[in-house]
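Quick notes on the structure that follows.
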Amino acid sequence: MVERKYMGRVSPILLALLSFGFFFATYNLLTMIIHNKASNLGSWETDGLDSSGELKPKYHVALTATDAPYSQWQCRIMYYWYKKTKDMPGSDMGKFTRILHSGVPDKLMEEIPSFVVDPLPEGLDRGYIVLNRPWAFVQWLEKATIEEEYILMAEPDHLFVKPIPNLAYGSQPAGYPFFYIKPTEHEKIIRKFYPEESGPVTDIDPIGNSPVIIRRSMLEDIAPTWVNISLRMKDDPETDKTFGWVLEMYAYAVASALHGVRHILCKDFMLQGELTYGKIGEWRFDKRSFLSAPPPRNLSLPPPGVPETVVRLVKMVNEATANIPGWDTLTSGSDQE
């Protein structure tokens, strides 16, 4: 079994990802998570070298997506910031792939490096489209030519704030500990998929599959189990009701533990804000307001008093939309219409 290590807090200069997937930026309601203290491992190396002075291996950035407008506009912004940070000092970022699980090419194939895979058979996801994510990774890993030894599993709603070094240490993948993934608080449910002979529930990391940097060969082993656990969890009414929209995240955590894999928990891998569902303040940005079309260019900035991280988010979105050609004219759907 691989031992897990904890990375402590690091300087803000090393903050790696800003996700707007989990929050509504709402004036008077939102606070961002920022860590300022030094890491108990020193710091993330930012010169491309590991502790022995050897060049650290590159990782391939991979995300799963659909051809829906909601997914497309997020992917375009995400890819813009990938290109901007990829070659900065301290980056171990390799190539990029949008794994498109709609089954057919779409109108972003020339703009973003993409690999088309099949969705799950009709009806199998039961309306929970995220179940296609593990199945998409299985197909991509089996069929694609991937040069890098490591994979960063990301999502369309992630923005690169700083270039990310390879945080994985050999056979130990690196992940982000989510405050709402709590395996020990759901032991009765977890035991349906992680029997006692597999080990204590504390062996299950409080993570999802993203963001995670992992050796490619290790992900090839875990991904089929991740698919099976996801489908089994969705088929179990109690599990489905309890885990809800984070079911697939729990499935990855359980699948990893079943393979004896523990993750380095990097608390500064990502920034995220408070969950403020259903709350609207004096100023608001919610990605779910743009399900059928992209947000307009030049979004208004938050008023004074809003955390600087939120202001930065909006500025990053505005910069991307101002520089992406055809931002307002791209239509969704496949290229086979």
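Of the residues making up the range 70-83, those that are open to solvent by 20 Å² or more (accessible area, probe 1.4 Å) and at pLDDT 95 or above are Tyr79, Tyr80, Trp81, Lys83.
One residue stands out in the range 175-194 among those that are in contact with a strand residue (DSSP E or B) (Cβ under 7 Å, 6 or more places away or on another chain) and assigned to a loop (DSSP other than H, G, I, E, B): the one that is most open to solvent (accessible area, probe 1.4 Å), namely Pro177.
When Lys241 is tested against (1) at pLDDT 95 or above; (2) in contact with a helix residue (DSSP H, G or I) (Cβ under 9 Å, 6 or more places away or on another chain), just one condition goes unmet, and that condition is (2). Every test in (1) touching a Leu at 6+ places or on another chain (Cβ under 8 Å); (2) open to solvent by less than 70 Å² (accessible area, probe 1.4 Å); (3) at pLDDT below 95 is passed by Leu124 save one, and that test is (2). No other residue among Ile204, Ile229, Ile222, Ile214 is under 20 Å from the mean Cα position of the chain (by Cα), aliphatic (A, V, I, L, M) and over 19 Å from Lys192 (Cα atoms) apart from Ile214.
Per-residue answers, yes or no, for (1) modelled with pLDDT under 95; (2) in a helix (DSSP H, G or I):
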site: Ser230; (1), (2): no, yes
site: Ile280; (1), (2): yes, no
site: Leu291; (1), (2): yes, no
site: Val311; (1), (2): yes, yes
site: Val314; (1), (2): yes, yes
site: Asp328; (1), (2): yes, no
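Of all residues in the range 133-152, those being surrounded by 24 or more Cβ atoms within 10 Å (Cβ to Cβ) and under 10 Å from Ala62 (Cβ atoms) number 4. No other residue among Asp268, Asp205 is touching a His at 6+ places or on another chain (Cβ under 9 Å), more than 24 Å from Ala65 (Cα to Cα), at pLDDT below 95 and open to solvent by less than 10 Å² (accessible area, probe 1.4 Å) apart from Asp268.
Listed by first and then second residue, the pairs with beta-carbon distance under 7 Å, at least 6 apart or on different chains, first residue in the range 298-325 and open to solvent by 60 Å² or more (accessible area, probe 1.4 Å), second outside any loop (DSSP other than H, G, I, E, B), are Asn298/Asn318; Leu301/Val311; Leu301/Val314; Asn323/Tyr80. Could you tell me whether the range 222-234 includes any residue that is open to solvent by 60 Å² or more (accessible area, probe 1.4 Å) and of a type in the set (Val, Ile, Thr)? No, every residue in the range 222-234 fails to be open to solvent by 60 Å² or more (accessible area, probe 1.4 Å) and of a type in the set (Val, Ile, Thr). Listed by first and then second residue, the pairs linking a residue in the range 108-130 that is farther than 22 Å from Thr145 by Cα to a residue that is in a loop (DSSP other than H, G, I, E, B), with Cβ atoms under 7 Å apart and 6 or more places separating them unless they lie on different chains, are Ile129/Thr66.
The values are calculated or read from the model by the stated rules, or taken from the named source; none is laboratory data. Since we're looking at a predicted model, the values are computed, not measured. In this analysis, Cβ positions are derived from the backbone assuming ideal geometry, glycine residues included, and neighbour counts consider all displayed protein chains. Note: areas computed on protein heavy atoms with side chains; ligands, DNA, RNA excluded. Shrake-Rupley method; radii C 1.70, N 1.55, O 1.52, S 1.80 Å.
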